[in-house]
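Note sheet for the following structure.
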Amino acid sequence: MELEGKLIVVNPTQQVTDSFKKREFVIETSQVNGDRTFTEQIKFQLVQDKCDVLDLFPIGSELKVLFNIKGRAWTNKEGKTSYFNSLDAWKLEGLGVSDNPQPTQEEVQTGSDDLPF
């Protein structure tokens, strides 16, 4: 799935366990329906090696977020089951024209902007 919006919150990376880390961020979206505008603030998370991708985008950047919806059940000691959802971003793309374009996630991961010497 994908969603476009303005980056409004970037949280620090959280080391959840020895082998798992995540970083949450929020984008703001707006939809116009007739004479009304509906604004939403949507929280996503990046996990593991993707956490640093957010460093490429300052607050206020217009982004396209490509993500998966994940859900899970959790049962407490009393036997009550609760359900949790997360929006796991796997790619971020900057939108709009810039004099200094940001590298894509693939360029950062593969180092394609490295000099050959």
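The values are calculated or read from the model by the stated rules, or taken from the named source; none is laboratory data. This is a predicted model, so every value here is computed, not measured. Because the Cβ atoms are built from the backbone with ideal geometry, glycine has one as well, and the counts that use them run over all protein chains shown.
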Suppose we filter segment 1-22 for residues that are loosely packed, with under 13 Cβ neighbours inside 10 Å, in a strand (DSSP E or B) and either free of Cβ contacts under 8 Å to residues at least 12 places away in the same chain or among the hydrophobic types (A, V, I, L, M, F, W, C) (or both); how many remain? 6
Selection within segment 30-76 - in a strand (DSSP E or B), touching a residue at least 40 places away in the same chain (Cβ under 8 Å) and out of contact with any Phe, Trp or Tyr (no Cβ under 9 Å at 6 or more places or on another chain): 42, 62, 64, 69
Condition first: closer than 15 Å to residue 24 by Cα and of a type in the set (Phe, Trp, Tyr). Now tell me which residues in segment 48-83 satisfy that. 57, 67
Would you call residue 66 surrounded by 13 or more Cβ atoms within 10 Å (Cβ to Cβ) and modelled with pLDDT of 95 or more? yes
Answer yes or no: is there a residue in segment 40-54 that is closer than 25 Å to residue 95 by Cβ, at pLDDT below 95 and touching a helix residue (DSSP H, G or I) at 6+ places or on another chain (Cβ under 7 Å). yes
If I filter segment 49-75 down to residues being in contact with a Gly (Cβ under 7 Å, 6 or more places away or on another chain) and not small (Gly, Ala, Ser), which single residue comes out as farthest from residue 23 (Cα to Cα)? 62
